[in-house]
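We did not get these values from a lab; they are worked out from the coordinates using the rules stated. What you see is a predicted model, and the numbers here were worked out from it, not measured in a lab. No Cβ is skipped: glycine too gets one built from the backbone with ideal geometry, and neighbour counts run over all protein chains shown.
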Amino acid sequence: MFVLKHNDSFAMFDEKGNIRGLNEKEHDTADGLIFKDTRLVSRAVLTVNGREPAAVKAAIDDRNVVFTADLKDGDLAISRSFVLWNDNIYEKIKVTNSGKSPATAELKYDFDADFQDLFEIRGWQRKKQGEMHAPEAATDGVAYSHTGADNVTRCAKFSFSGAAETGNDAARFSLALKPGETKQVFVRMGHDNNEPPVTASDFDHAEAAAAAFIESQIARRPVITSSNPAFDRWLQQNAADIALLTTEFETGPYPCAGIPWYSVPFGRDGIITAFQMLWQDPELAKGVLTYLAKHQATEESKFHDSAPGKIMHEIRQGEMAGAKEVPHAPYYGTADATPLFISLAGAYFERTGDEKFLKQLWPHIERALEWIDKYGDFDGDGFVEYQRGADGGLNNQGWKDSNDSISHADGKLAVGSIALCEVQGYVYDAKQSAAKIAAILGKTDVSKRLAAEAKKLQENFDKAFWSDELGTYALALDGDKKPCLVNSSNPGHLLFSGIVPEDRAEKVADRLMSKDMFTGWGIRTLSKKEKRYEPSKPPHGYHNGTVWTHDTAITAAGFARYGMEDRAAQLLTALFNAAAHFPRMRLPELFGGLDREDGKPPAPYPVACNPQAWASASESLLLQAMLGIKIDGRTKTVTVDNPQLPPWLDALSISGLKIGDSSISLEFRRNGNETKAECVAKSAEITFNTGAAASAPKLKRHI
């Protein structure tokens, strides 16, 4: 499938540019134009002279703006170009007679709008349905409407330029072409915005506007180039994909999780993506924090898994959410988004020194802290747990949220209120962050209390979760406080959080890089020695042995936090090598966890989202970890500590890294096993430190 996105809409096409109304249950994928979780275009199929032309080539440009499908039918060359803008697909159809005789092209364009909710497309069975209204003819096309079970009427319109005939489900065009002649047809389809008939200039305007939007997102970040052209292509693809996935809300930019199933704001995904991009683009983190603060829970609801102060998991705007057939308006079933929200607030302040925003955010941080202590800890043992409130919610509420992701060594699933290891790490870091924020805001007593709570949690966590048998930390404690003694990737998140004592860090890292955990392409979510190991087959492989791009990147950042930048560089190399085997070097949400073998690519995971925000942003976090970059926005100080360029990368430059209104440009060069960093340009108020001049301890606050 070929994917375009803009704000609340995304569109998926096949290699011919067609949309056929596919669904996941029958086809393992889907297509169409989805607007606010509702499919407004379920069919858009072009035939020429009574048949579908043959596919020649299909591609999306490097900016993620225009999708072009080139087709052929005898002497007729057909080019279909698509742009998505303001909830509408704009299409330009070019038909060229490449023969030596006159030709006629009879075009038929079949179309439909089924108004299916995205959950329906994914295979959910509904107990109630809305009402489809009769199509209405317009001067330039046809309008459809549907009133859902949520009593909301949604509208779609198909507009055509120069159609000879338009019916309720098809438009026809008759093009007489001289030898070498080209004629064009224009289509607009999607949300009915009461616009005039579509014209050629509408397509051009949509393309220009979509390109400008992508460029505006990328412009906030520095320009990064290297001595390796393939690596540069990977950087450019990831930059374009993060821009593509970003939606501009009134609260600022927010990276939606992934396409097709998760093209909406997710709490955890948005926070982690913002963490990954923070050193390059702090405005993204500000947008995430503002949006999540706006949607912070204010009441208890078992149906929504909410409680006061909790940060949301996911928000949907479709019919099923509106009719309360699903609890996603919004849904709060996540144990980790709330502490991660606090940590991101602390990291954002470190990066920017934006005290004004910090003061605005403080009441939301207080509420999040209250949730951790009052609602997150079910039984008062000092650990944050989760347990589903009602049917329709998630059984598991960490980032590994599939039904079978948390198990014991014998393969039995953990039950009861579950305390995940990484959630305790996030709480530890959250309380450390909140303690520093409180001190900055003059709340000394609060700061001391939070710092003491973080220290106590670290001690209690180590006692309860460390396993000499595993040589690392247990995955979780189940409802009976029995540890899940399985080797998993979750301890990589513990390194990222800083909760691991320094004398255990290398042991944890060794375990993560052992042969049963490290595939050569990345870190497995579950050791291949475990009972529930399944490296590539859905649904059981989703979190039980596959490699998740962001998971490996977070582990790399954890390595760097404890001074193991060389291992961070090893993981960057692994993921970069994996990316070379995927179309457009676009790493998916996850891929198979089989061992790396010479001449064989990593195994794809059939239903993985691609692009996925925290997968696309992983390269940014990996770079920061490998290069040892730390930014103090308050003092405008940039520190580079123990940078490591891998053998395949001789040099790398970062131009225009912004700190407030100032900027700095850096160059990294490798000479044998040694990498040196140099500041090549900077604003006068910025201080640059490297190597021995760096005052940062080995255990870094935030990389």
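Across the chain, the relative contact order, built from alpha-carbon pairs under 8 Å that are at least six residues apart, equals 10 percent. Equivalent ellipsoid of the stretch 2-214: semi-axes from √(5λ) of the C-alpha gyration tensor, largest first, are 29, 18, 17 Å. Rounded to the nearest 20 debye, the dipole magnitude of the chain is 960 debye, with +1 charges on Lys and Arg beta carbons, -1 on Asp and Glu beta carbons, and the Cα centre as origin. Charges on Cβ only, +1 for Lys and Arg, -1 for Asp and Glu, centred on the Cα centroid of the stretch 520-672; of A553, L649, G633, which one is farthest towards the dipole's positive end? Checking the options against the dipole of the stretch 520-672, the answer is A553. For H6, neighbours were defined as the other residues whose beta-carbon sits under 11 Å from its Cβ, and their charges (Lys and Arg +1, Asp and Glu -1) total -2. Legend: translational diffusion of the stretch 164-308 by Stokes-Einstein, Rh = Kirkwood radius over C-alpha pairs, 37 °C, 0.692 mPa s; D = 170 µm²/s.
Overall, the stretch 184-277 carries a charge dipole of about 420 debye about its Cα centre when +1 sits on the Cβ of Lys and Arg and -1 on the Cβ of Asp and Glu, all other atoms neutral. Pairs exceeding 29 Å between alpha-carbon atoms, taken from K310/K456; K431/K531; K374/K482; K455/K481; K324/K482: K431/K531; K324/K482. The longest part of the chain holding none of the exposed loop GluC sites (Glu not before Pro), meaning those outside H, G, I, E and B in DSSP with at most 10 other Cβ atoms within 10 Å, is 1-249. Mean silhouette area of the stretch 433-491, derived from the convex hull of its C-alpha atoms and averaged over all directions, reads 5.1 nm². Residue-normalised convex hull volume from the C-alpha trace of the stretch 637-693: 74 Å³ per residue. For R388, the shell of other residues with beta-carbons less than 13 Å away shows a net charge of -3, using +1 for Lys and Arg and -1 for Asp and Glu. Residues in the stretch 268-277 carry Karplus couplings, in order, of 4, 4, x, 5, 5, 4, 5, 4, 4, 8 Hz; the curve used is 6.51 cos²θ - 1.76 cosθ + 1.60 with θ = phi - 60°, and Gly or Pro positions show x.
Note on the chain: dipole from Cβ charges, positive end direction compared against V326, A163, F378; the farthest Cα belongs to F378. Placing a label point 7 Å from the Cα of S663 along the Cα-to-Cβ direction, no residue of the stretch 232-265 has its backbone N under 16 Å from that point. What residue among H6, N671, T573 has its Cα farthest toward the positive end of the dipole of the chain, where the charges are +1 on Lys, Arg and -1 on Asp, Glu, each on the Cβ? Sorting the options by dipole projection puts first N671. If you sort the three axes of the alpha carbon gyration tensor as a ≥ b ≥ c, you get a/c under 1.5 for the stretch 238-627, which makes it rounded.
Each Lys and Arg adds +1 at its Cβ and each Asp and Glu adds -1 at its Cβ; summed about the Cα centre, the stretch 637-693 shows a dipole of about 60 debye.
In terms of overall dimensions, the C-alpha atoms belonging to the chain reach 80, 59, 51 Å along their principal axes, ordered largest to smallest. Per-residue extension of 0.36 nm, minus the Cα-Cα distance of S98 and S216, leaves a gain of 38.5 nm for this segment.
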